[in-house]
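The values are calculated or read from the model by the stated rules, or taken from the named source; none is laboratory data. Just so it is clear, the structure is predicted and the values come from calculations on it, not from any experiment. Cβ coordinates were reconstructed from backbone atoms using ideal geometry, including for glycine residues, and neighbour counts include every protein chain displayed.
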Amino acid sequence: MGTFSVVETFVSINGEGSHAGELALFLRFQGCNLACSFCDTKWANTDTVPTEQRTVEQLVQLAQQEGVHNITLTGGEPLLQPDIAELITALCALGYHVEIETNGSVPLAPFTSLAFRPSFTMDYKLSCSGMESHMLPENFACLTMNDSVKFVVGSRSDLERAVEVVTEHGLTARCPVYFSPVFGSIQPAEIVDFMKERNLNRVRLQLQLHKYIWDPQKRGV
Ligand code: SF4
């Protein structure tokens, strides 16, 4: 049975995706293959962060104890955990709504053919992250209306590029599309103005709720 490097678990509200605002049990895993300029979980990505090695059975038990229907697998990059498919399958089989917050650089196809399919909230990292070259546009073909794509925008040029990608891949016909500001880099009102200017009917502004409810640096929320 697989084990997982877990850096924290907690219950809070989902801050993003189509279940934003609903309670969720968060399982945060160690490690990421990217190094975004604005990363707010760098601490979880280091080799030295304290972790607990948890089995599928232990994580399922935790879910049952918490009694929360939504389970969000996050990081870091949760899909880098070698046995993550086993955990996804075990949780989905018990009827939990499993959402994967993934960074756009890991192939999703292997996970769409699982016996139980989770939901993906896939980031598309733009220029301000320094990581756009790592994005895998072929992942878009794996997405459905149960998933979503989140463009993390830090500037006007990021917004322009996001529209290019949305248009090129016909994304709004495939899944919900969100524009989410890099906290402190661009004002949400600027994004709304841009959406009005471009008449972006099927794109949604999404704020990282926890940054507005709690101290933006606070962990475990
Ligand atoms: S993908 Fe996410 S966790 Fe990884 S460096 Fe970027 S913001 Fe941080």
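Of all residues in segment 36-53, those that are over 20 Å from S105 (Cα atoms) and part of a loop (DSSP other than H, G, I, E, B) have Cβ atoms under 8 Å from Cβ atoms of residues that are aromatic (F, W, Y) and more than 7 Å from the ligand (Cβ to nearest atom), 6 or more apart or on another chain, in V49/W43. On the stretch given as segment 109-134, residues that are among the aliphatic types (A, V, I, L, M), under 19 Å from L80 (Cβ atoms) and surrounded by fewer than 21 Cβ atoms within 10 Å (Cβ to Cβ) total 2.
Summed over segment 6-26, residues that are within 14 Å of the ligand (Cβ to nearest atom) and not in a loop (DSSP other than H, G, I, E, B) total 3. For segment 38-80, filtered to residues that are out of contact with any helix residue (DSSP H, G or I) (no Cβ under 8 Å at 6 or more places or on another chain) and aliphatic (A, V, I, L, M), the residue that is nearest to the ligand (Cβ to nearest atom) is A44. Checking segment 166-180 against the condition returns a match, with at least one residue being touching a helix residue (DSSP H, G or I) at 6+ places or on another chain (Cβ under 6 Å), closer than 21 Å to D40 by Cα and either surrounded by fewer than 18 Cβ atoms within 10 Å (Cβ to Cβ) or not small (G, A, S) (or both). A single member of G67, G21, G17 is surrounded by fewer than 14 Cβ atoms within 10 Å (Cβ to Cβ) and either in contact with a Ser or Thr (Cβ under 6 Å, 6 or more places away or on another chain) or within 19 Å of P216 (Cα to Cα) (or both), and it is G21. Restricting P78, P137 to those that are buried (at least 21 other Cβ atoms within 10 Å of the Cβ) and touching a strand residue (DSSP E or B) at 6+ places or on another chain (Cβ under 9 Å) reduces the list to P78. Is it fair to say V98 is of a type outside the set (G, A, S), out of contact with any Cys (no Cβ under 8 Å at 6 or more places or on another chain) and without any contact (Cβ under 8 Å) to a residue 60 or more places away in the chain? Here the answer is no, as V98 does not meet what is asked.
The set of residues in segment 90-130 being of a type in the set (A, V, I, L, M, F, W, C) and within 16 Å of the ligand (Cβ to nearest atom) consists of I100, V106, L108, F120, M122, L126, C128.
Condition test on L108, is it at pLDDT 95 or above, under 20 Å from S185 (Cβ atoms) and of a type in the set (A, V, I, L, M)? No; evaluated as a whole, the condition is false for this residue. For V149, state whether it is over 15 Å from L87 (Cα atoms), free of Cβ contacts under 8 Å to residues at least 60 places away in the same chain, away from the ligand (no atom under 13 Å from the Cβ) and touching a strand residue (DSSP E or B) at 6+ places or on another chain (Cβ under 8 Å). Yes; evaluated as a whole, the condition is true for this residue.
One residue alone among V177, V152, V203 is more than 22 Å from P118 (Cβ to Cβ), among the β-branched types (V, I, T) and out of contact with any Gly (no Cβ under 8 Å at 6 or more places or on another chain), and that residue is V203.
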